[in-house]
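Since the structure comes first, as structure tokens, the remarks are kept for the end.
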Amino acid sequence: MMERLKTGLLIALVALSLLQSYFLAYRMPGLGATVRSDQDYFHTERLGKSANVEEMIFPNELILHRGDNKHAVIYPGTQFYDMILKQRIAGREFKGFQRSPLSLMDWEYIREKEIGVELRFDGGISIELLQKLLKVEGDPLFLNERIDRIWIFKTTVAEEIRTFFFSSDGMTVYESVRADLTIRDVEDYVGFGEYMPVYRMTKGGLYIPETFLQATEMIIPYETYSPQQMQRNLFFDPGTTIAWEDRGGSQIITDGKRGLQVKQNGTWINYTNPAATKSSDVELGENVYASIDFINTHGGWDGTHRLMSLQPAEEKKYVQFRQYIEQYPVVGDPYFHYGYMRLVLQKGTVTEYERSLITLSPRSESRRERWLQGGDQLEERLKRYERINEVTSLYPALKARPLEDQRMGFTPVWVARHEDGTETVLSEALPAGFQPPEESVAQEVEATSEEGSQDDAAANRSGTGSESNADSKHDEDTVDSSADRAAEGAAASEGIDGETSDEADERDSEADKPLAVGKNEKPVAEAEQGQEPGDQEQAKDKDRSKNQGLDQGQGRDPAEDQIEEQLAAAE
């Protein structure tokens, strides 16, 4: 009997030992020691939406090379941009990379004569992050590169597709000899450019529109996250924090280690965590992932943002995201911070975090048409710019300005980006109410009236060398349905000289006035509907006569006189 009791006790002890081993292995709550970090104690509340790294990686512009030195520039958020990048290029594979010097080909000739599409990443992007957008496979040497352009084009002589990835060092290109692209693909991409304004390249390598560029000025209501909400999101124990106001009017909140500065009338914060880990550099991708996760947890995202490219020496420490509204990036000014989020990291840990507390309404209060300069006048303004030799790109953006009653105004501007990553507003939109000259409108009507024949030509060209199928038919129908919308956004064809100081004052005074809801000017498409074929022929003859007179040096362009009259009337 005693032996049986001993045996049973031994079995029970063995079973209990196995059970304890199981609990220790899987770390059941309440058993064993558990190490917890400060982050485990944060009681964060969801403010904005969450995002992932795939949503932050995209080219800042697509350039369609149409041949005959004609180009089209497509910006993020537009229908054609998504159709080309997301529905077509993003699904292709790029393999078999061969390294060559930049002098391998005459790129100026290719830009002028060959058709193709160019993806541009201002400042460059690492292959590791580029793989979140495209299916790229290569050897270790290529995978360590930094790419600022991808150029896909069709050669006229050999009738083949060639794909090149340009290193940001300006000396090396990598050709993908096994790219999953066909001649039909490239012809389809370039076909979209027929419905868009024509761009040209300046001697400095910048793309500018041949015509005025139409943009939209907006006023959007907004709300703000409260400092208390950010305090609860950023501090280990909000109950142990103290707050005071400094001499500059900013509110300071601290728990003895971390600090939160709320400034700009409660619309901007700077958070610091100096007690975080100080260590050696880490891979760029780790900091990007850590930054996105941190923002998802501590405030979320207001609208669309894009990962900004920084200088290579800074990218392992800083991560910055830029806000987009529709197809344009948002810029602030030195006196009003808005439109970006910036983080400083050490070994994947955020030590500084600055952002706006403003969250925009999903719908604008008012919108109206504004025009940006183009053509010779924009090029002349560029030539007069003192840092022209440092400019790497020129693009349209929306400049933010705070208004009364929690409203934000967004005015179209041209922005110049420099080699060191800094940016400057080169010029603002022309005064409200300005309309392009009648000659320019007539030329635009002529262009839009030919869209029907262009559609047929694009369809015939797309069918060359391959049989039509259901997918290609769907693409053509999509292009046809989009032509009218694209025609409305095309700009007219002449430019004006830079604004004088009086004109700038007039523009500012106009900007302070409330915008009329839905008060858009008559689009070009409507002008086309009301014009008879005979009027179109007269417009063509008038345009040809004007061009001949200019070519022969006969007098002043009548369009300039008309523009000056409009500006004088506005004053």
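The values are calculated or read from the model by the stated rules, or taken from the named source; none is laboratory data. Every value quoted in this text rests on a predicted model; they were computed, and no experiment measured them. Glycine gets a Cβ as well: all are built from the backbone with ideal geometry, and neighbour counts include every protein chain shown. Please note that ligands, DNA and RNA were not included when accessible areas were found on the heavy atoms of the full protein model with its side chains. Shrake-Rupley method; radii C 1.70, N 1.55, O 1.52, S 1.80 Å.
Quick look at the values:
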read-out: Accessible-area order (highest first, 1.4 angstrom probe) of the listed residues Asp333, Asp376, Asp122; value: Asp376, Asp333, Asp122
read-out: 1.4 Å probe accessible area per residue over the stretch 181-334, in Å²; value: 40 Å²
read-out: Protein-only accessible surface order, largest first, of Asp185, Asp169 at 1.4 Å; value: Asp169, Asp185
read-out: Gained length - Ile252 relative to Ser366, 0.36 nm times residue gap less alpha-carbon distance; value: 37.4 nm
read-out: Two-site label geometry, Met171 and Lys203: point separation in nm, points 7 Å out along Cα→Cβ; value: 2.8 nm
read-out: Heavy-atom accessible surface of the stretch 72-139: percent carbon and sulfur, 1.4 Å; value: 45 percent
read-out: With DNA, RNA and ligands ignored, accessible area of Arg381 (1.4 Å probe; Å², nearest 10); value: 40 Å²
read-out: Cα→Cβ-extended label distance, 7 Å offset, between Gln229 and His418, nm; value: 3.6 nm
read-out: Rh (Kirkwood; distinct C-alpha pairs) - the stretch 87-164, Å; value: 13.7 Å
read-out: Cα pair distances exceeding 17 angstrom across the stretch 152-214, given as percent; value: 61 percent
read-out: Alpha carbon convex hull of the stretch 293-392, volume per residue in cubic angstrom; value: 157 Å³
read-out: Carbon and sulfur %, accessible surface of the stretch 215-270 computed with the full protein complex present, 1.4 Å; value: 46 percent
read-out: The stretch 118-225: translational diffusion in µm²/s, Stokes-Einstein, Kirkwood Rh over Cα pairs, 25 °C, 0.890 mPa s; value: 145 µm²/s
